[in-house]
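Data block below; observations after.
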2 protein chains.
Amino acid sequence: MSTNALHLDIPAGVPWVDFTREFDAPVSAVFEAHRDPDTVRRWLGPRGYEMVIDRWDFTTGGGYRYVHRDPEGAEYGFRGVFHTIRENEFALQTFEFDGAPDQVSLEFMWFEDLGDGRSRLRGRSIGRSVEGRDLMVESGMEQGMAEGYERLDEIVGS
Amino acid sequence: MSTNALHLDIPAGVPWVDFTREFDAPVSAVFEAHRDPDTVRRWLGPRGYEMVIDRWDFTTGGGYRYVHRDPEGAEYGFRGVFHTIRENEFALQTFEFDGAPDQVSLEFMWFEDLGDGRSRLRGRSIGRSVEGRDLMVESGMEQGMAEGYERLDEIVGS
């Protein structure tokens, strides 16, 4: 089990969440685990959820749509577009939960090479409003992210 | 000349700008002037600028790329993706200026029918940071928008 922890920064009065997460794996492996839908499906989201991907085109101008199914069978759909993807470096996407239409957030991710086969993912997720950001946090965002990255650890071997 | 003024709201300490602009034209005409690239080219941006559109696919999952050329011939390129487009109702896009790479903003527009052949455009543009938002405002955003909407008035006949 990795001891690389998820760090969230949720400043008061602004609509964004910042996060960092380090991996005992090269930046190319972490990037590839975001690009390849067959890999994404195995780690994105909380433990115990099944992910069904309708579309995952991790390229500049591409887009995605998927459904998470929780252990009780309830389904949660998400979709967005990829504004920019730069290999092993940067990804920028929109993000929308079907259950909160038009409450779209903008998500920046920087993939950083730390050397010695280690890497860091740094992100900023910006909601439409401070209230929308707060709802996203209260919905269990941190636990879902933390469990997802632990699953990613298991895939990239850290 | 219309007396419909552009109203901007630029609160301190948050990364967004809100605006409203009314038109003496039906909401369908204002929406169509955003959808059709041949029309967009005639109004988007400050007076005296030429707009060359490489791509304008105003649909959900579509995207755009264009260049503004100022009267001195200097060129300014912009691109983005359309997350959601709903006819006569709503548009949500990303927006990036080539000169500020990765400083992408997220732009919401609501098209509102006011009856009697009038309409209102309401928008929120959210930058990556408060500093980025402030730079966007200082770059002449308000004048460019105001002149663009005056040109749009001339097209939709208000």
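The values are calculated or read from the model by the stated rules, or taken from the named source; none is laboratory data. These numbers were taken from a predicted model, which means no experiment stands behind them. A quick note on method: Cβ atoms are made from the backbone with ideal geometry, for glycine too, and the neighbour counts reach across all protein chains shown. Areas reflect the complete protein model, heavy atoms only, side chains present, ligands, DNA and RNA absent. Shrake-Rupley method; radii C 1.70, N 1.55, O 1.52, S 1.80 Å.
In order along segment A:64-70, the Karplus-derived 3J(HN,Hα) couplings, from 6.51 cos²θ - 1.76 cosθ + 1.60 at θ = phi - 60°, round to 8, 8, 8, 10, 9, 10, 7 Hz, and Gly and Pro are given as x.
Stretching the chain fully between B:THR60 and B:ASP24 yields a gain of 10.2 nm (0.36 nm per residue, less the alpha carbon separation). Counting only protein heavy atoms and using a 1.4 Å probe, the accessible area of B:VAL156 comes to about 30 Å².
With the alpha-carbon atoms of segment B:1-42 aligned to their principal axes, the span from lowest to highest coordinate is 37, 24, 17 Å, starting with the largest. Before anything else, pin down the relative contact order of chain B: Cα pairs under 8 Å, at least 6 apart, normalised by residue count, whole percent. That works out to 29 percent.
Calculated FRET efficiency, B:ASP70 and B:HIS7, Cβ-Cβ r, R0 30 Å, to nearest 0.05? For R0 = 30 Å, the calculated efficiency reads 0.70. The HN-Hα couplings worked out from phi for segment B:116-127 by the Karplus form 6.51 cos²θ - 1.76 cosθ + 1.60 (θ = phi - 60°) are 6, x, 10, 8, 9, 9, 10, x, 9, 10, 10, x Hz, whole numbers, x standing for Gly and Pro.
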